[in-house]
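Provided herewith is a single structure, encoded as structure tokens, for subsequent inquiry.
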Amino acid sequence: MNKRLTTIAAAAMLAAIFSGCAEAEPPEPAISLDRPPPATVFSSQGSEQPLPADDVFFPDAYAEDDTVYFRVQMLPGYYLYKDKIGVRSLSDGIDVETDPIEDKWSASEIVVDEWFGEQAVFYIEASGASRMHQHAAEVRSVDIELTYQGCKEDGLCYLPVSKVLSVEMPAQLESAADQTE
């Protein structure tokens, strides 16, 4: 009988412990899900997410004579690495020199990058030019792939970006055969 009272007492004690747990409020989460998180340094709008690259960098291109001119404009506080900018033709019949013409670059500044060391970078706008060579007659437009990589001044860096830009061809572009005379 003594054993039976001990078992009943133990069961009563466990019931009291568990009933107290069932009545307790669950702990409040560290961050409430029903209100927006606090602002961070990633964007000027104060959201916790960094701005997408398409909302920071704005590329365009056009052709004149035998040259394709390209540029990437950017929001203040962002920059592009000069040596991470590339251009190439995706269209048959047109080649674009992959090394942009040096004297056609906009002015760059030298910064010391934590990962890459001394780097030439562009603020506000990066622009350059590359020569085109036409191998087929009657090419009216060319798809140019423009690649670039940039960062926000506070250290947030973007993965490399590739954009395809359709460029209307000038009527007087010489073919590669005409240039070999």
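Does Gln172 fit the bill of being at pLDDT below 95 and part of a strand (DSSP E or B)? Break it down stepwise before answering.
Details: at pLDDT below 95: yes; part of a strand (DSSP E or B): no.
Against the criterion (at pLDDT below 95 and part of a strand (DSSP E or B)), Gln172 does not qualify.
What number of residues within region 87-139 are under 21 Å from Gly150 (Cα atoms), of a type in the set (Val, Ile, Thr) and in a loop (DSSP other than H, G, I, E, B)?
Residues flagged as under 21 Å from Gly150 (Cα atoms), of a type in the set (Val, Ile, Thr) and in a loop (DSSP other than H, G, I, E, B) within region 87-139 amount to 3.
Among the residues in region 51-67, are any of a type outside the set (Ser, Thr, Tyr), more than 18 Å from Ile124 (Cα to Cα) and at pLDDT 90 or above?
yes
Got a number for residues in region 136-169 being surrounded by fewer than 17 Cβ atoms within 10 Å (Cβ to Cβ), of a type outside the set (A, V, I, L, M) and within 21 Å of the chain's Cα centre (by Cα)?
Qualifying residue count for the region: 10.
Counting only residues that are part of a loop (DSSP other than H, G, I, E, B) and farther than 16 Å from Asp92 by Cα, which one in region 155-169 is modelled with the lowest pLDDT? Step through it out loud before you land on a result.
Applying the first criterion (part of a loop (DSSP other than H, G, I, E, B)) to region 155-169 yields 155-156, 158-160, 169.
Within this subset, residues satisfying the condition of being farther than 16 Å from Asp92 by Cα are 155-156, 158-160.
On the way: Gly155: 75, Leu156: 87, Tyr158: 95, Leu159: 95, Pro160: 97.
If we take residues in region 155-169 being part of a loop (DSSP other than H, G, I, E, B) and farther than 16 Å from Asp92 by Cα, then Gly155 is modelled with the lowest pLDDT.
Of the residues Ala24, Ala16, Ala107, Ala11, which is loosely packed, with under 11 Cβ neighbours inside 10 Å, at pLDDT 85 or above and among the aliphatic types (A, V, I, L, M)?
Numbers: Ala24 fails: at pLDDT 85 or above; Ala16 fails: at pLDDT 85 or above; Ala11 fails: at pLDDT 85 or above.
The match here is Ala107.
The values are calculated or read from the model by the stated rules, or taken from the named source; none is laboratory data. Predicted, not measured: the structure shown is a model, and the values here were computed from it. Here the Cβ is made from the backbone with ideal geometry for all residues, glycine too, and neighbour counts use every protein chain on show.
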